[in-house]
Amino acid sequence: MATIRTEPVTINLGPQHPSTHGVFRLRVTFDGEEIVDLEPVFGYLHRGTEKLAESRNYVQIVTLTDRMDYVASMSNNLAYVRTVEKLSNIKVPERAQYIRVISVELQRIASHLMATGFLLNDLGALATPLVYCFRERERILDLFEMLCGARITLSYMRPGGVFQDTPEEFWDSLNTLISDFPNYLDELESLITTNEIVLARTIGVGLLSDAQAIDSGVTGPILRASSVKWDLRKANPYEIYDRVNFDIPIGSSGDTYDRYYVRLQEMRESIKIISQCIEQIEPGPVRTETPFFIRPPIGETYSSIEGPKGELGFYMVSDGGISPYRCKVRAPSFINLTPLRDMITGWKMGDLIIILGSIDIVLGEVDR
Amino acid sequence: MNPTPALFISFKSLQENFVTLIELIGFGESFGWLATLLAGISISFLIINVMVVATAFYTWFERRMIARFQVRRGPNRNGPFGMLQPFADVLKLIMKEDTIPDEADKPVFTLAPIALLAPTLMIMIVIPFGTFLNKEAFLSNLNIGILFIVGVTSVNSIAIFMAGWGSRNKYAILGSMRGAAMLISYEIPMALGITSVLILSGSLAMTEIVRSQSVWFILVMPMGFFVFMAASTAEMSRTPFDQIEAESELGSGYNTEYSGIKFAVLFLAEFMAPIVTAAVVTTLFLGGSHGFDFLPGGIWFALKMFIVIFGLLWLRSTWPRLRIDQIMGFAWKTLFGLGLFNIFLVAVEFTLAREFNQVNNGSLTTEYMLIMAAVNWIITVAVILIMANVVGRKKYTRPEPTPSPLANMGLGEN
Amino acid sequence: MILTKIITGEEISKSIESTLANAVVASDETAIWVSPETIHEVCKTLKNPDGLDYSFLTAISAVDYIEYFEVVYHLTSLRNNCSCIIKVKTSGRENPKVQSVSDIWQAADLQEREIWDLMGIKFEGHPNLKRILLWEGFDGHPLRKDFIG
């Protein structure tokens, strides 16, 4: 029986598109509704961060790192600043370490809220869950404004500590947020996690097995959703993560629902970490004295942290001058895009946007 | 309640009025056709104006309500409470350039918005609005009323296909292909829902359907109501079935290439659909203009329409959308099955009614309908619970996550 | 407190020398140096699940020391929670070529393209060595020290 001759169609989900999370281009080949091939094209936001870093001094680069993953500034700052400290053997006072961990965990919550909100926006729920998530994120951004005056590109950390100590009203607002947030997460979970349509669209979609996840170099919630229990905060603890108790949530099968649910549970764990830090913090200095121009000794190092998107690392080579000789960024969003083609081929158009949303990329980090 | 037989507006009376007017002016007998033409034009003018203004206010209402669901206000700058916002939108759209793509199929492209708007307007002809100032208010007591509605809404699918095809744009064609497939699939559950109403009312005329609802049909056959509501939500391509115009996926689907007044007409047709659907649902299932006597029937009709519209809006602003193959599966498997089951149930009960002598000239007695209501509600709830727990749970049970053996954080050094 | 074990260069070179003789050009306390032609064999040995099991390629970086380029591979073993560093020195500045490891770890795919794009080091055996962050037809490799913008 002769069938009708059909032809695959190549469509360009162009750089400007309502739901590709930034200027990100996909060339998708469809056979009917099914995707047979996919080619991501990016680089529209490349600003040459690594080259710029070679002509700025070590404190100026903190502002460059803010703008890489512009959704989670604190994590970028922390990764960079830790690398400089490791290179130059600068010790950080305890209070600074506690404040750093509180900021980074707050930033993790903010980033995961944004990821969840936008995933549900892609699912089609007309921005209603997005606005609820952003309402809570506004409270976190208000806290950041108390700390350093800015909301998004924070530049709060310096090699040697944090920029300035926390004001008094910060701790009251933080305590209110910590006590309100678990209820808010329960409410969000009751609205979303048991919704039949969300379950029907995310369960079993975009599977990523554990062996393939490790082979592709993905890190962060995606790796943990593929049931690989690996988190740098426990495997290679930094700052004061060895003094707080928290769990590492993992998923069971590596589909989109698992990635969403792992992020939700990570938010709960972050609240636990923050409340323990609030109990344990002591008054003290927040910044060690460093010379104005930091000149690390000749050498190289690599240090990484567990950011909200994955393992964010800096490989820095110093030649003894005031600027690094080479500052390479291991950007998690960039490397998390490696298995995109394998995750999406075979699925349908509607799943493409959801799987891309569940990977949670930020173009500033992909393109640097 | 017994309405007076005179109609509020009727074609015949208008025609006679125009004939007298023409004779007054002095044109004579051979201009009878002019009277018919003028009567027709004035009725169409009435329908179009009323519906367009109603749709304009409905868009305002929808934007304010969805904003309230999203913890923000809606438009509140143009006029008191933003009531002139729809007029500002239309003014902006009229002043835009009316582009037609170079390679587009011009007649098809231009006719598609009209083909989408006209059927939606035509449905309002047969809706019985109840009494108003002691006269029945509807435009035509077509004795095949509901069949007319089903036939006319089928033109929707052609119009959407025309819109996508005429644009000659890959996104638009993708969107309209899905749209045509979806709309055709959902006509069957809609027809099945209507058939179950027809069994109880015994006539296709809308006034007869209203008259036979001594107990509202939503109480008597909830499953039929559910099937019809789901099918008509899909016919309007509203969330959760709005895959064809999914903004976040295809950048606006079949109306990508439209701008200016053509887009305004498409937009108007899309927002008129809920009003018209609410009117049809109210007539078929909610008892039309029946209500307590302290308010006239027309007001009851408007109130019930408002409740249905609000329900549709609520769904739209809170639920995500289904994927296209899930939408088709829902139509052909779930709704089709439920629709047939509902018809079977109602038919069995109607036949049993004849056995028990509960039928008087074509419609059932109130007591029997109440018994039917109770039985049907129990059966519907049971069916839904069985489907959710037996079929649903199996698909969505997730195993407990176990850590993969490929990673081990416990080793390392101190 | 458990930290990731950092394997010194001597240990790695000892483990590799037992299977591949003469693959290690030099070794240091932090890293080992391998020649650009044998990097593929060395990485295959390192990834072996029965052996050292370095299943996770954390990052590939490239540095431009004026007389030569250096490609640095940071590897992690998730099962044993240890990490090591492998380095490759290209022979000179003209036409630098290194064997690609993208068939060993898929993670190397996008990272090697980025190094080709920004630093100009060709990876032999890579299935799709195109520019990734800059546009097709861009002239030059910006991260090199002699690139004037």
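Bear in mind these aren't lab numbers, they're just calculated from the coordinates by the rules spelled out. Please read all numbers here as calculations on a predicted model, not as lab measurements. Reconstructed Cβ throughout: ideal geometry from the backbone, glycine too, with neighbour counts over all protein chains shown.
The table below lists the values:
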| read-out | value |
| --- | --- |
| Residue among B:169, B:76, B:143 with the largest mean-square fluctuation in a Gaussian network model of chain B, springs linking Cα atoms under 10 Å | B:76 |
| Helix axis angle, A:349-359 relative to chain A longest principal axis, alpha carbon, degrees | 20 |
| Relative contact order computed over chain B (Cα-Cα under 8 Å; 6+ residues apart), in percent | 19 |
| Computed label-point distance, nm, for sites residue A:180 and residue B:114 using a 7 Å Cα→Cβ extension | 5.6 |
| For chain B, built as a Gaussian network whose Cα springs stay under 10 Å, the top-fluctuating residue of B:370, B:46, B:340 | B:46 |
| For residue B:404, residues with placed amide H under 5 Å, excluding near neighbours | A:228, A:229 |
| Cβ-defined net charge surrounding residue A:191, 15 Å radius [Lys, Arg +1; Asp, Glu -1] | -4 |
| Residues with amide H under 5 Å from that of residue A:166, placed H, sequence gap 5 or more | none |
| Value at 222 nm in deg cm²/dmol, rounded to 500, when DSSP H runs of n ≥ 4 in chain A each add -39,500 (n - 2.57) | -15000 deg cm²/dmol |
| Between helix A:256-280 and chain A: long-axis angle, C-alpha atoms, 0 to 90°, nearest 10 | 20 |
| With Cα atoms, 0 to 90° folded angle of helix A:94-123 axis to chain A main axis | 20 |
| Förster-model FRET efficiency, 22 Å R0, residue B:154 and residue B:54, C-beta, rounded to 0.05 | 0.40 |
| Computed Kirkwood radius, in angstrom, where 1/r is averaged over Cα pairs of chain A | 21.4 |
| Cβ-Cβ FRET estimate between residue C:147 and residue A:31, R0 fixed at 35 Å, reported to 0.05 | 0.25 |
| Alpha-carbon centroid distance for the pair the range C:89-105 / the range A:295-342, whole angstrom | 20 |
| Per-residue [θ]222 nm for chain C (sum of -39500 (n - 2.57) over DSSP H runs n ≥ 4, rounded to 500) | -6500 deg cm²/dmol |
| Fluctuation leader among A:170, A:118, A:144 - chain A, Gaussian network, Cα springs under 10 angstrom | A:170 |
| Mean-position separation - Cα centroids, the range B:375-407 and the range B:261-286, in angstrom | 35 |
| Helical segments meeting 15 Å axial Cα length and Kyte-Doolittle 0.0 threshold in chain B (DSSP H) | B:11-25, B:32-69, B:106-123, B:155-167, B:170-201, B:222-235, B:261-285, B:297-318, B:336-355, B:366-386 |
| Farthest positive-ward along the protein assembly as shown dipole, Cα basis, beta-carbon charges - from A:257, B:177, A:57 | B:177 |
| Length-normalised contact order for the range A:50-367 - Cα pairs under 8 Å, 6+ apart - percent | 28 |
| Given charges at beta-carbon only (K, R positive; D, E negative), |dipole| of the range A:50-367 in Debye | 820 |
| Residue (of A:160, A:324, A:101) at the positive-pole extreme of chain A, dipole from beta-carbon charges | A:324 |
| Of A:229/C:130; C:14/C:87; C:5/C:122; C:5/C:89; C:47/C:97, pairs whose Cα-Cα distance is over 27 Å | A:229/C:130; C:5/C:122 |
| Kirkwood hydrodynamic radius of the range B:8-75, Cα pairs, Å | 14.7 |
| Most positive-pole-ward Cα, B:294, B:371, B:279, against dipole of the range B:86-392 from beta carbon charges | B:371 |
| Solution diffusion estimate, µm²/s, Stokes-Einstein, the protein assembly as shown, Kirkwood Rh from C-alpha pairs, 4 °C, viscosity 1.567 mPa s | 41 |
| Relative contact order of the range B:8-75, pairs being alpha-carbon contacts under 8 Å that are 6 or more residues apart, as % | 23 |
| Karplus-derived HN-Hα couplings along the range A:301-310 (A = 6.51, B = -1.76, C = 1.60, θ = phi - 60°), whole Hz, x at Gly and Pro | 7, 10, 9, 9, 10, 8, x, x, 9, x |
| Centroid-to-centroid separation of the range A:70-129 and the range A:219-292 [C-alpha atoms, Å] | 10 |
| Only Lys, Arg (+1) and Asp, Glu (-1) charged, at Cβ; the range A:171-284 dipole about Cα centre in debye | 320 |
| Charge dipole (debye, nearest 20) of the range A:1-156; +1 at Cβ of Lys and Arg, -1 at Cβ of Asp and Glu | 720 |
